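Below: one structure, written as structure tokens.
Throughout, read-outs are computed from the coordinates displayed, never taken from laboratory work. This is a predicted model, so every value here is computed, not measured. Here the Cβ positions follow ideal geometry from the backbone for every residue, glycine too, while neighbour counts run over all protein chains shown.
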Amino acid sequence: MTIDVQIHHQMKAMFVIYTAGCNSRCVTCDYWLDEDQTGMPNDALLGVITEAWARGLQVVYFTGGEALLRAADLFE
């Protein structure tokens with residue numbers, strides 16, 4: 001997987017779509033219909049966050065599907 005991220009020196013927050021998977025069946029969204037529920041690999045995500053943190057990143061927001069479906073992977 002190739003991840004193209006431009007990190008700006010003034011960037012203070014980052015929004016990450018960690019996974020498109022979701023186990024809820026909300027009528028207001030369709031994330032649960034996505035067949036690819038693997039999401040971003042942890043090593044790629046950690047590399048991007050580490051580089052951005054060194055340049056002043058302060059907050060990472062997880063968005064997309066239900067990030068806690070992969071909580072064991074995220075916090076290993």
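For this structure, a couple of remarks:
- Backbone HN-Hα couplings from phi across segment 52-58 [Karplus 6.51/-1.76/1.60, Hz, Gly and Pro as x]: 5, 4, 5, 9, x, 4, 10
- Distance (nanometres) between label positions extended 7 Å along Cα→Cβ at Asp43 and Ile17: 2.4
- Label point distance in nm, Cys29-Gln10, each placed 7 Å from Cα along Cα→Cβ: 3.0
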